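Sharing a structure below in structure tokens format, with a few things to ask.
Laboratory data are not the source of any read-out in this text; all were calculated from the coordinates shown. Note that the structure is a prediction, hence the values are computed from the model and not measured. Here Cβ is always computed from backbone atoms with ideal geometry, including for glycine, and neighbour counts include all displayed protein chains.
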Amino acid sequence: MKILCTSVDSLPVNLQLDEQAFAFFKPAGREGVGNIANRWKRLLKRKGFAPDAATWDFVQFCLAVCAADLACPRATSADGWTRVIELTVGLHEPMRWVGFEEHLAKMLKLLTGDYWTLHFVAGGEAPPAGQVTAVPHDCVCLLSGGLDSLVGGIDLMSQGRRPVFVSQLAHDDSPRQVSYATRLGGANAHWQWSHGINFPGAREPSTRARSLAFYAFAVLAASRLAGERVQVFVPENGFICINPPLVPGRVSSLSTRTTHPQFIAMMQELLDGLGVGVALELPYRFKTKGQMLQECRNQPLLEDLASGTTSCGRFRTYNRTHCGRCVPCMIRKGAFFAWGPDRDRTKYVHESLAEADKSSGPDDAMAAALAVLTVEERGLDRFLGATLGFAATDERPSYRQVLSDGLAEVEAVLRRDGVL
């Protein structure tokens, strides 16, 4: 599968028959050519953005990967999942990226489970040249509309930090993103953008690379803040960061690696190598979701907002209602149960994990129960296998503990509902 992403002016006259092309930031006006973030560069200029070339090319690269991820159907691959993707990206300063191809291929393999070949060529868009004005923020915090990012924002504000919140537009979560950002930092403390990827043909629904747009937006936002190394906070609990497979068959990209510490470390290495002054932070990598709730620095505010957050992996399937039985819903229920059972006012389609429903995919509750029983019978280390092989020796006990505690939170709900 071949993908080309570049500026309109750099598109070749004749495209290869097996190649899908995308134009950055403006329509190509050519049949079959897709578009990425139409008119966004113009908007950024009006808003006072003037990132350096390294930052801007990082943004273009991330959006190109998102486009490739959407445009390459897994169903057409040899095993129905793993793809071989050849991606050519037009950049403003492509020579800066020479030598990073192998590192990026490994990073993307970890994220999506696919085999990537990367080419960087001249032809990307130049950075927007907005009239820069000072902004009253000292860090960036991702804000998805989920429970973890809400806790992260509350904690930063409670510590006296002044974050700008960055969100990726999502049909289901955009209004609550605006609401939370306004409650936490005010109406001017929030930037909310979309990758705006459009092209003819079917879209691959797994979207394992979608998070790269989120990181691109965060790094772009950091370019507006003062400081040589701006902190970008990624609020995610450690159990989901590692996302251990509950059953042996659910490995690699079948479990998302969006905030996996190894992926974050590889992205940080890339940013450092490019000279982008950003420090990616995973402040809750050793905390469970329940511990995040228990230790949040503003309990009244959290209790007021927590039940309105979104966690469900099947939110759209159930008409924007939490299904109550997918892995994210189980972790959410376990966290609320640990925090205080009466505090969960979330509406679930399935209030009990014992309710049978296989209409939308695998039986995650049974998989979680099997994981708990496996740990009981064989021990946690046998269950985890090589899951913690990425971790430094001094951090491995902390990761092991958060996985043990996270599974215990899920187990408590499984036992409450009579699954175990």
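Using only the Cα atoms of region 21-113, build the gyration tensor, take square roots of its eigenvalues as a ≥ b ≥ c, and label the shape rounded, prolate or oblate: rounded if a/c is under 1.5, else prolate if a/b is larger than b/c, else oblate.
The shape class here is oblate.
On a 0 to 90° scale, report how tilted helix 261-274 is relative to the longest principal axis of the chain, with both axes built from alpha carbons and the result rounded to the nearest 10.
20
Please give the calculated 222 nm ellipticity per residue for the chain, where each DSSP H segment of at least 4 residues contributes -39500 (n - 2.57) and the sum is spread over every residue; nearest 500 deg cm²/dmol?
Mean residue ellipticity at 222 nm (helix-derived): -12000 deg cm²/dmol.
Right, something else. Along region 283-289, what does the Karplus equation 6.51 cos²θ - 1.76 cosθ + 1.60 (θ = phi - 60°) give for ³J(HN,Hα), rounded to whole Hz, x for Gly and Pro?
My calculation for region 283-289 gives x, 10, 5, 10, 10, 7, 4 Hz in order.
Can you give the extra length, in nm with one decimal, that the chain gains between residue 84 and residue 202 once fully stretched, where that is 0.36 nm per residue apart less the Cα-Cα distance?
Taking residue 84 through residue 202 to full extension adds about 40.7 nm, to one decimal.
Run the quick spin-label model on residue 394 and residue 408: label points 7 Å from Cα toward the beta carbon, then report their separation in nm to one decimal.
Reported label-point gap for residue 394 and residue 408 is 2.6 nm.
Calculate how steeply helix 364-378 sits against the longest principal axis of the alpha-carbon atoms of the chain, using the helix alpha-carbon long axis, and give the answer as 0 to 90 degrees to the nearest 10.
60
For region 303-406, what's the relative contact order in percent, using C-alpha pairs closer than 8 Å and at least 6 residues apart?
Relative contact order here is 21 percent.
Further, regarding this structure: Give me a comma-separated list of calculated 3J(HN,Hα) values for region 106-112, in order, Karplus coefficients 6.51, -1.76, 1.60 applied at θ = phi - 60°, integers in Hz, x for any Gly or Pro.
For region 106-112, the Karplus-derived couplings read 5, 4, 6, 4, 4, 6, 10 Hz, x marking Gly and Pro.
Further question: List the residues, sorted by chain then number, that are 5 or more residues from residue 192 or on another chain and whose placed amide H is less than 5 Å from its amide H.
Long-range HN contacts for residue 192: 167.
Under 8 Å for C-alpha pairs, at least 6 residues apart: give me the relative contact order for the chain, rounded to a whole percent.
Contact order relative to length: 15 percent.
A further question follows. First measure r as the distance between the Cβ atoms of residue 161 and residue 132, then evaluate 1/(1 + (r/R0)^6) with R0 = 35 Å and state the FRET efficiency to the nearest 0.05.
The calculated FRET efficiency here is 0.95.
What's the exposure ranking of 233, 100, going from fewest to most Cβ atoms within 10 Å?
Final ranking by Cβ density, sparse to dense: 100, 233.
Next question, about the same structure. From the Cα gyration tensor of region 289-420, with a ≥ b ≥ c the square roots of its eigenvalues, which class applies: rounded if a/c is under 1.5, or else prolate if a/b is larger than b/c, or else oblate?
oblate
Moving to a separate point now. I want the antiparallel fraction of DSSP beta bridges within the chain, as a percent rounded to 5.
Expressed as a percentage, antiparallel bridges in the chain total about 5.
Still on this structure, I have one more. What distance in nm separates the simple spin-label points at residue 76 and residue 317, each placed 7 Å from Cα in the Cβ direction?
Output for this residue pair reads 2.6 nm.
Next question. Mind listing the long-range amide H neighbours of residue 34? Cut-off is under 5 Å, sequence gap 5 or more, other chains count too, H placed in the peptide plane at 1.01 Å from N.
Those lying under 5 Å, H to H, from residue 34 are 21, 22, 23.
Another one. Using Stokes-Einstein with the Kirkwood hydrodynamic radius over Cα pairs, what translational diffusion coefficient do you get for region 33-74 at 25 °C and a viscosity of 0.890 mPa s, in µm²/s rounded to a whole number?
210
While we're here: For the peptides 287-293, 267-273, what is the packing order when you average, over each peptide's residues, the other Cβ atoms within 10 Å and list the highest mean first?
287-293, 267-273
What is the packing order of peptides 327-336, 344-353, 20-29, taking the mean over residues of other C-beta atoms within 10 Å and listing the highest first?
So the order, starting with the most tightly packed, is 327-336, 20-29, 344-353.
Could the peptides 156-167, 140-151 be put in order, highest first, of the mean number of other beta-carbon atoms found within 10 Å of their residues?
Final packing ranking: 140-151, 156-167.
Now for a different question. Relative contact order for region 198-299: what percent, with Cα pairs under 8 Å and sequence separation of 6 or more?
The value is 35 percent.
Evaluate Rg over Rh across region 142-211, taking Cα atoms for both radii and Kirkwood's formula for Rh.
1.06
A further question on this structure: May I ask for the angle, rounded to the nearest 10°, between helix 211-222 and the longest principal axis of the chain, with both axes built from Cα atoms and the value confined to 0 to 90°?
Compared with the principal axis, the helix lies near 70 degrees.
With θ set to phi - 60°, apply the Karplus curve 6.51 cos²θ - 1.76 cosθ + 1.60 along region 410-420 and write out the HN-Hα couplings as whole Hz, x wherever there is a Gly or Pro.
In residue order, the calculated couplings are 5, 4, 4, 6, 4, 6, 4, 8, x, 6, 10 Hz.
Listed here are the pairs 2/45; 109/287; 287/333; which of them are more than 20 Å apart at the Cα?
Too far apart for the 20 Å limit: 2/45; 109/287.
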